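Undergrad: Okay, handing you the structure first.
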Amino acid sequence: MRIPTPQLIGLVVLASIWGSSFMFIKVMLDEVSPVAVGWMRLGGGALLIAIVVAVRRTALPRDGRYWRSVMLVGALGSAIPFVLIPWAEQEISSQLAGILNGAMPLWAALLAHLALVEERIDRFGVFGLLLGFVGLAIVIGPGVLDVSDASTQGALVMLLAALSYAASAVLVRRRLRGVDSTLLAGNQTVLAFIYLTPLLLMDGVPDFTALSTKVLLSALALGVLASGVAYLIYYWLLATLHATQASMVTYLAPAAAVFWGWAVLDESVGWSVWPGLALILAGIYLLNRPAKQTVAQVAAGSDTDS
């Protein structure tokens with residue numbers, strides 16, 4: 001089915017924003033800690049989405065089950081990965097981080113298979129999972145089993161961040177299906193910001209007046225674009241496209257991460273990474289092949305990161 005031009009532009013813009021987030025994180029790590037990166041990112045995103053929710057005058061739910069679920073989603077879908085990703089990028093390139101973040105749909109399919117009876121994966125999905133995880137091992141490289149190596153540790157932490165994103169997607173699918181998506185994004189982001197505030201106080205609040213212009217601009221872009229505008233574009237795409245079409249951002253975002261890392265940070269990934277990435281994308285394709293909208297397909301378009 002053909003994708004309308006506005007949505008196609010939206011897919012490209014969304015992939016570019018999410019792909020660039022890993023580059024912005026790398027820039028910020030020159031002057032602030034991983035916790036500070038996550039906190040500053042959440043602050044910008046929470047402010048923008050809160051404004052959108054206020055303009056729409058959306059009433060806050062009063063259901064206790066909703067808030068218990070959203071509190072958990074805020075931790076799994078924002079607070080935890082927004083610290084883990086910059087932590088990982090202290091040891092690995094932004095390009096590799098962007099590629100490994102593509103593990104999210106693989107984790108989501110596996111967790112959905114275990115947690116959602118209606119979304120069990122078939123033999124094609126099982127083969128897709130195997131392809132994807134083999135691809136991840138190839139991307140990490142021959143030191144994948146050497147957990148004492150700093151770069152391997154960084155890569156494994158990135159996989160944990162992707163797992164956290166995936167757990168959040170499965171939780172939303174199981175407990176929050178059908179709720180107002182913009183309100184959910186806003187509540188999730190605000191709660192995650194609150195979670196990280198005491199950690200920031202313990203870690204040390206940056207001297208914002210001493211930060212360079214490039215770090216401040218990166219923080220602004222990371223918060224407003226990657227954690228604000230990107231959410232709004234993503235939920236619009238989910239509302240106007242089939243899930244398999246919206247999941248195309250999964251294929252575009254790693255390429256965008258590689259481009260931004262090369263163009264801005266002068267990074268380059270080895271040629272050995274590309275076969276692994278091809279296997280990851282082939283695995284995601286096999287997982288997305290069912291016609292029904294599964295949690296793996298929804299998660300495939302989410303960063304909810306990067």
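Read-outs: derived from the displayed coordinates by stated rules, not from any lab. Because the structure is a prediction, the values reported are computed rather than measured. As a convention, Cβ positions derive from the backbone with ideal geometry for all residues, glycine included, and neighbour counts pool all protein chains shown.
Undergrad: R174 to V134: extension gain in nm, 0.36 nm per residue of separation minus the Cα-Cα distance? Write out the running numbers ahead of the final one.
TA: Working: separation 40, 0.36 × 40 = 14.40 nm, distance 2.83 nm.
Roughly 11.6 nm would be gained on extension.
Undergrad: Order 32-43, 112-123 from most to least packed using the mean count of other Cβ atoms within 10 Å.
TA: Values: 32-43: 25.4, 112-123: 14.8.
Ranking the peptides 32-43, 112-123 by packing returns 32-43, 112-123.
Undergrad: Can I ask one more? I'd like to verify something in the chain: which complete DSSP H helices, judged by Cα projection on the helix axis, reach 30 Å or more and average at least 1.0 on the Kyte-Doolittle scale? Walk me through the intermediate numbers first.
TA: Values: long enough: 5-28 (34 Å, 1.45); 34-56 (33 Å, 1.63); 150-175 (37 Å, 0.93); 181-203 (32 Å, 1.17).
Long hydrophobic helices here: 5-28, 34-56, 181-203.
Undergrad: Report the percentage of all Cα-Cα pairs in the stretch 1-151 whose separation exceeds 27 Å, rounded to a whole percent.
TA: Working: 4792 of 11325 pairs.
Result for the distance tail: 42 percent.
Undergrad: Right, here's the next one. With +1 assigned to the C-beta of every Lys and Arg and -1 to the C-beta of every Asp and Glu, and no other charges, what is the dipole magnitude of the stretch 5-300 about the Cα centre in debye, to the nearest 20? Show your work: numbers first, answer last.
TA: Details: 16 positive and 15 negative charges, 267 e Å.
With only Lys, Arg, Asp and Glu charged at Cβ, the dipole is about 1280 debye.
Undergrad: Below 8 Å, C-alpha to C-alpha, sequence gap of six or more: please give me the relative contact order for the stretch 76-156 in percent. Intermediate values should be presented prior to the final figure.
TA: Working: 44 pairs, mean separation 32.2, N = 81.
Reported as a whole number, the value is 40 percent.
Undergrad: Between [x] 26, 25, 18; [y] 40, 22, 17; [z] 48, 26, 15, which entry matches semi-axes √(5λ) of the Cα gyration tensor in Å as derived from the coordinates of this structure?
TA: Correct label, based on the coordinates given: [x].
Undergrad: Next up: Among S94, L106, G64, which residue has its Cα furthest toward the positive end of the charge dipole of the stretch 33-122, with +1 on Lys/Arg Cβ and -1 on Asp/Glu Cβ?
TA: Sorting the options by dipole projection puts first G64.
Undergrad: For the stretch 147-244, what is the convex hull (Cα atoms) projected area averaged across all directions, in square nanometres? Before the final figure, lay out the partial values.
TA: Details: hull surface 37.2 nm².
Averaged projected area of the stretch 147-244's Cα convex hull equals 9.3 nm².
Undergrad: What order do you get for 190-200, 152-162, 59-69, 73-83 when each peptide is scored by the mean count of other beta carbon atoms within 10 Å, highest first?
TA: Details: 190-200: 19.6, 152-162: 22.1, 59-69: 11.8, 73-83: 25.9.
Going from most to least packed, we get 73-83, 152-162, 190-200, 59-69.
Undergrad: Go ahead and run the numbers for FRET between A50 and A150, Cβ-Cβ distance against an R0 of 41 Å, rounding to 0.05. Don't jump to the answer; show the numbers that get you there.
TA: Working: r = 38 Å, r/R0 = 0.92.
E(calc), rounded to 0.05, equals 0.60.
Undergrad: Work out the P(r) tail for the stretch 62-197: percent of alpha carbon pairs separated by more than 17 Å, whole number. Could the numbers behind the result be given before it?
TA: Numbers: 5730 of 9180 pairs.
For the stretch 62-197, the share of Cα pairs beyond 17 Å comes to 62 percent.
Undergrad: Hey, another quick one. In debye to the nearest 20, how big a dipole does the stretch 151-214 give about its Cα centre with +1 on each Lys and Arg Cβ and -1 on each Asp and Glu Cβ? Each step should come with its number before you reach the end.
TA: Details: 5 positive and 3 negative charges, 82 e Å.
So the dipole magnitude of the stretch 151-214 works out to roughly 400 debye.
Undergrad: May I pose another question? What order do you get for K26, K214 when you list them from fewest to most C-beta neighbours inside 10 Å? Mind dumping the intermediate values first?
TA: Working: K26 24, K214 14.
So the ranking, lowest neighbour count to highest, is K214, K26.
Undergrad: Related question: Roughly speaking, what is the stretch gain from Q90 to V13, that is 0.36 nm per residue apart minus the C-alpha to C-alpha distance, in nm to one decimal? Before the final figure, lay out the partial values.
TA: Details: separation 77, 0.36 × 77 = 27.72 nm, distance 2.66 nm.
Stretched fully, the Q90-V13 segment lengthens by 25.1 nm.
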